[in-house]
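Data first, discussion second: the structure below is written as structure tokens.
The values are calculated or read from the model by the stated rules, or taken from the named source; none is laboratory data. The shown structure was predicted, so the numbers you read here are calculated from the model rather than taken from an experiment. Glycine gets a Cβ as well: all are built from the backbone with ideal geometry, and neighbour counts include every protein chain shown.
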Amino acid sequence: MKEIRWHARAGQGAKTASQLYATARLHEGQSVQAFPEYGPERRGAPLRAYTRIDDKPIRRHDAIMHPDVVVVLEPSLLHEVDVTEGLAPDGIVLLNADTAPASLAGLDVRCVPAARIAGDSKFVNLVLVGALAAVLHDPVDAVADAAIELLGGKVAHDEIRTAVEKGYACLS
Amino acid sequence: MATEARILTGGQAVAEAMRQIDPDVVPMYPITPQTPIIQGFATFVAQGRAHGELVDVESEHSAMSAAIGAALAGARTITATSSQGLALMAEVVYIAASMRAPVVMAVGNRALSGPINIHCDHSDSMLVRDSGAIQLFAENAQEAYDLMLIAPRLAEHPDVLLPVLICQDGFTITHSAEPVVLLEDDVAREFVGEYRIPNSLLDVRYPTTQGPFAMPDYYFELRHQQLAAMQAALPVFEQMASEFYALSGRRYHSVEPYALDGADHAIVCLGSTGGTVKDVVDELRAEGEAVGLLELRSFRPLPRHDVRTALDSIRTVSVLDRADSPGGAPPLFAELAAALHGTEVDLRSFVYGLGGRDLHPEQIRAVFTEDSGAYIGLRGAPCPA
């Protein structure tokens, strides 16, 4: 089983990212679960979302305490939230930043300047979902297809695919 | 027969079931965490994919009142609520049952205030335990969808004619996205069929009086008829579940044993916790421990005979309640004590998860290995027994 925790501010698309990645893995034949953690619902508040992936049906419904990967969409959260809390011993931190801060020294941190890559599109979440596919050695097409399936009704398909592929290229 | 699995939350899955059932009337009042259900259905109506009459009411009390009127007038009626909403409508849930109104209601289980809280426990369901409404509990989003499709058939069966509540754990299921396989729309619609009740209020050829006064000369008998309807609900549910199995390949029972054969120690629980317990049972079985699970799909009616048959030869039965009863026995434990009265079973009571507190596999393991306190996950010392 792979367990992923997403850190973002409410409104940045972490819940969408958690479901989108799950959708991609479902289409690849795996069992999945995606759920946000609900606290006070206000834009900008720190938020966590989770994705669980397994080869066999997922039946458990407890929270994820020891994620294998932590994805940080919003680097300013590093000063507010312990994003590495409970991280599995060989866990990976996937961070929207140019370089890893000293506070994460000693950990396996993979940096993607997702905000810069996303540029005007603002699809930081899609860039990081693409990067996550690279980190977990998943096919990028499945993720891009899932992103288009979930968001394609509102956003140009090319724009979605480009954001995912740029994130993937960054770490593959 | 079925579509491909999609990622849906429990709330979305139930909204899809409602779209397929396409009820005539949906009185609605929003409350977290059931809001995605009525919001999802309202979206389907706005898109022209469902055709029910949405009635925006001013409270849950009015939602159930409107539902009773609609259902008895001859319209298939569905609503949804949670927590304080169910508390506010509790008075009218009793009336729905006594008037034998086959209203279907989705419940996103949430702790009752106070303190105010939005997360899951079963205190809201337990508040209407004795209302005369049927209560079925889903373990996951797929089950919530499936039971929602079975619900109208059960509610409207002439031997039953009672409100049916389809309960799913708030947030844990209502907001958790999982693979869900839907029936094809036409298959679902054919399974649910047309709405028929014996004495429609709008049938002017056979005028009836409904909801009259009943003094000591009749009240007892009328209440007793509800009891008979509840008892009839068990075989009717099995029959409907069997028909549903033929369409879906997914089989439901009012009580569902898991690895109970040869078990020395079994857990009994309701709702999403059952899935987590199954994982722990598999781990402990692999280590040679004789443990199992009895999941109650139906809490009302409580399948007392089947519970007793499943558990009466098991040494230890641990009941996990996601509700308490200050000054009394936790509600599920009390049911099990009644069902197992006169057996040698060592029956134990545990309360967990109040107000949405998580239950981890290690804590379930501790129940099986007899290393758990009676209040699982409670910080500080419990009060003296």
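So the values come out like this:
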quantity: Selected residue [under 21 Å from A:Gly44 (Cα atoms) and at pLDDT 95 or above] from A:Ala133, A:Ala97; calculated: A:Ala97
quantity: Boolean, B:Asp203 is more than 30 Å from the chain's Cα centre (by Cα), surrounded by 13 or more Cβ atoms within 10 Å (Cβ to Cβ) and not small (Gly, Ala, Ser); calculated: yes
quantity: B:Leu54 vs. criteria closer than 30 Å to B:Val181 by Cβ, out of contact with any Leu (no Cβ under 9 Å at 6 or more places or on another chain) and away from chain A (no Cβ under 14 Å); calculated: yes
quantity: The stretch B:57-104: number of residues that are touching a Gly at 6+ places or on another chain (Cβ under 7 Å) and free of Cβ contacts under 8 Å to residues at least 40 places away in the same chain; calculated: 2
quantity: Long-range neighbours under 6 Å by Cβ, at least six apart or interchain, first residue closer than 13 Å to B:Ala229 by Cα and more than 14 Å from chain A (Cβ to nearest Cβ) within the stretch B:131-156, second assigned to a strand (DSSP E or B) and among the aliphatic types (A, V, I, L, M); calculated: B:Ala133/B:Leu165; B:Ile134/B:Val164; B:Leu154/B:Val164; B:Ala155/B:Val104; B:Ala155/B:Val164
quantity: Given (1) in contact (Cβ under 8 Å) with a residue 60 or more places away in the chain; (2) within 13 Å of chain B (Cβ to nearest Cβ); (3) touching a Phe, Trp or Tyr at 6+ places or on another chain (Cβ under 8 Å); (4) not basic (Lys, Arg), number of the condition A:Ala49 does not satisfy; calculated: (1)
quantity: Candidate set from the stretch A:20-40 (those that are out of contact with any Ser or Thr (no Cβ under 9 Å at 6 or more places or on another chain) and either within 16 Å of A:Ala63 (Cα to Cα) or not in a helix (DSSP H, G or I) (or both)); member that is farthest from the other protein chains (Cβ to nearest Cβ); calculated: A:Glu28
quantity: Evaluation of B:Pro179 against (1) crowded, with 24+ Cβ neighbours inside 10 Å; (2) within 14 Å of chain A (Cβ to nearest Cβ) (one fails), failing number; calculated: (1)
quantity: Exclusive hit being within 14 Å of chain A (Cβ to nearest Cβ) and buried (at least 20 other Cβ atoms within 10 Å of the Cβ), set B:Arg357, B:Arg300, B:Arg322; calculated: B:Arg322
quantity: All positions within the stretch B:260-273 that are crowded, with 17+ Cβ neighbours inside 10 Å and either at negative phi or hydrophobic (A, V, I, L, M, F, W, C) (or both); calculated: B:Leu260, B:Ala263, B:His265, B:Ala266, B:Ile267, B:Val268, B:Cys269, B:Leu270, B:Ser272, B:Thr273
quantity: Number of the condition not met by A:Lys2 [criteria: (1) within 13 Å of chain B (Cβ to nearest Cβ); (2) in contact with a helix residue (DSSP H, G or I) (Cβ under 9 Å, 6 or more places away or on another chain)]; calculated: (1)
quantity: Among (1) touching a residue at least 12 places away in the same chain (Cβ under 8 Å); (2) out of contact with any Lys or Arg (no Cβ under 9 Å at 6 or more places or on another chain), the one test that A:Ala102 misses; calculated: (1)
quantity: Of all residues making up the stretch B:262-282, the number that are within 14 Å of chain A (Cβ to nearest Cβ) and either among the hydroxyl-bearing types (Ser, Thr, Tyr) or part of a loop (DSSP other than H, G, I, E, B) (or both); calculated: 5
quantity: Residue match in the stretch A:91-103 (condition: part of a helix (DSSP H, G or I), of a type in the set (A, V, I, L, M, F, W, C) and in contact with a helix residue (DSSP H, G or I) (Cβ under 9 Å, 6 or more places away or on another chain)); calculated: no
quantity: Scope the stretch B:84-141; condition hydroxyl-bearing (Ser, Thr, Tyr) and closer than 25 Å to A:Gly39 by Cα; matching residues; calculated: B:Ser113, B:Ser123, B:Ser125
quantity: Residue in the stretch A:41-57 that is crowded, with 21+ Cβ neighbours inside 10 Å, among the basic types (Lys, Arg) and in contact with a Pro (Cβ under 8 Å, 6 or more places away or on another chain) present; calculated: yes
quantity: Any hit, the stretch B:241-249, residues being in contact with a strand residue (DSSP E or B) (Cβ under 7 Å, 6 or more places away or on another chain) and either in contact (Cβ under 8 Å) with a residue 40 or more places away in the chain or not in a loop (DSSP other than H, G, I, E, B) (or both); calculated: yes
quantity: Search result, residues across the stretch B:159-174 that are of a type outside the set (D, E, K, R) and away from every other protein chain (no Cβ under 14 Å); calculated: B:Val160, B:Leu161, B:Leu162, B:Pro163, B:Val164, B:Leu165, B:Ile166, B:Cys167
quantity: Single match in A:Asp82, A:Asp62, A:Asp108, A:Asp68 (criterion: away from every other protein chain (no Cβ under 14 Å), of a type in the set (Asp, Glu) and free of Cβ contacts under 8 Å to residues at least 12 places away in the same chain); calculated: A:Asp82
